[in-house]
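Got a structure for you, questions after.
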Amino acid sequence: MNNYLNKMHETVNYIQKKVKEIPKLAIILGSGLGSLADDIENKVVLAYKDIPNFPISTVAGHKGELIFGTLNNVPIIAMNGRFHYYEGYDLKETTYPIRIFKLLGVKTLILTNAAGGINTSFKKGDLMIINDQLSFFAESVLRGPNMDEFGDRFIDMSTTYDKEYIKILKEIMNKHIGYFREGVYAYMKGPTYETPAEIRALRTLGADAVGMSTVPEAVVAHHSNIKCAGITCITNMAAGVTNEILSHEEVKETALKAEENFKKVVKEFIQKIAKEL
Ligand code: HPA
């Protein structure tokens with residue numbers, strides 16, 4: 001554990017040498033939001049491969065950069081490319097950047113992702129505000145000795161996604177899209193998409209969308225008292241919901257179509273919450 005902490009401090013030292021003022025707001029750019037990186041100004045870009053002890057992203061089309069800069073004058077850190085368990089990282093590696101954010105003084109984390117729609121009232125391209133999560137089928141990222149420097153051993157999970165942020169996101173989506181979707185994001189380890197039977201089971205359990213990221217990151221953030229907001233792009237209906245065969249092509253195509261709305265919502269959200277950071 002000490003070794004893990006030492007590694008983190010090495011990472012933090014490197015970043016602090018490269019970036020003078022560290023923003024209090026971080027965002028993980030999921031599928032469909034990568035181009036937000038282009039809108040960031042006054043950038044300092046650190047490639048994951050150059051940051052000591054940082055994992056390196058392996059998914060085609062996912063970049064591996066930590067970007068420091070401003071978005072409409074609000075200082076932010078953007079993670080362009082995240083680490084997924086299905087790539088072979090263990091959960092500690094997957095969530096390494098969140099620990100680093102905490103040590104750098106980040107107060108709020110915006111988690112974005114692509115997911116399959118389980119709720120049949122959703123349609124492809126919808127944006128869903130995450131109001132809760134399910135992760136029955138994966139071990140907890142907090143398993144093992146508790147890192148007391150970050151948070152308590154046993155933590156309440158009823159406020160993982162900040163209620164005030166959810167309210168703000170609803171208002172923004174109503175304004176820009178005319179309606180909002182909200183619901184429960186179910187985490188599956190991947191890399192296969194789910195079977196239709198798994199999707200029926202997840203629906204029974206209360207899930208509205210399913211994806212292969214976000215939950216470990218949200219747990220680590222919440223453990224260390226970082227406020228979270230989560231937004232999902234429904235890139236496809238989940239397995240068996242329609243007769244369509246799922247493909248990564250479809251996921252990418254829908255994500256691209258939803259990009260403008262996604263960016264609008266996220267930018268306004270950042271603007272709105274910036275005051276209290
Ligand atoms: N399942 C899991 N992850 C996903 C999906 C899905 O249907 N779509 C995009 N990411």
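Calculate for the chain the 222 nm mean residue ellipticity that helices alone would give, adding -39,500 (n - 2.57) per DSSP H run of length 4 or more and normalising by residue count, nearest 500 deg cm²/dmol.
Here the helix-only value at 222 nm equals -10500 deg cm²/dmol.
A further question on this structure: From largest to smallest, what semi-axes in whole angstrom does segment 168-215 give when each is the square root of 5 times an eigenvalue of its alpha carbon gyration tensor?
26, 12, 9
Could you give the radius of gyration (one decimal) and Dmax (whole number) of the Cα atoms in segment 101-164, in Å?
15.2, 43
Over all alpha-carbon pairs in segment 1-59, figure out the percentage whose distance exceeds 18 Å.
In whole percent, the share of Cα-Cα pairs in segment 1-59 beyond 18 Å is 48.
Also: Local charge sum around P196 (other residues, Cβ-Cβ under 13 Å, Lys/Arg +1, Asp/Glu -1)?
Value of the local net charge: -1.
Of the options I234, I129, L109, report the single residue whose Cα projects farthest towards the positive end of the charge dipole of the chain (beta-carbon charges: Lys, Arg +1; Asp, Glu -1).
L109
Can you return the lysines within cross-link range of K17? Criterion is Cα-Cα under 21 Å, with same-chain partners fewer than 8 residues away left out.
By straight Cα distance, K17 reaches K7, K43, K49, K102, K107.
Regarding segment 177-277, what are the three Cα extents along the principal axes, ordered largest first, in Å?
46, 32, 23 Å, listed from the longest principal axis down.
Still on this structure: Counting C-alpha atoms alone, how compact is the chain: give Rg to one decimal and Dmax as a whole number, in angstrom.
17.6, 53
Can you pull out the chymotrypsin sites (Phe, Trp or Tyr not before Pro) in segment 114-172 that DSSP calls coil and that have at most 13 other Cβ atoms within 10 Å?
When the chymotrypsin sites (Phe, Trp or Tyr not before Pro) of segment 114-172 are filtered for loop state and at most 13 Cβ neighbours within 10 Å, F136, F137, F154 remain.
Mind computing the radius of gyration and Dmax over the alpha-carbon atoms of segment 105-263? Å is fine for both.
15.7, 49
Can you compute log10 of I(q)/I(0) for segment 59-190 with the Debye formula, treating each Cα as one identical point scatterer, at q = 0.17 Å⁻¹?
-1.30
Another question, if that's okay. Just to be sure I understand the curve: with the Debye formula and one point per C-alpha of segment 1-129, what is log10 I(q)/I(0) at q = 0.13, 0.22, 0.23 Å⁻¹?
Computed log10 I(q)/I(0) values: -0.56, -1.42, -1.52.
Taking the Cα centre of segment 137-277 as origin, sum charge times position over the Cβ atoms of Lys and Arg (+1) and Asp and Glu (-1), and report the length of that vector in debye to the nearest 20.
400 debye
Taken together, the values in this text are just the output of simple stated rules run on the coordinates, not laboratory data. These figures come from a predicted structure and were not determined experimentally. Because the Cβ atoms are built from the backbone with ideal geometry, glycine has one as well, and the counts that use them run over all protein chains shown.
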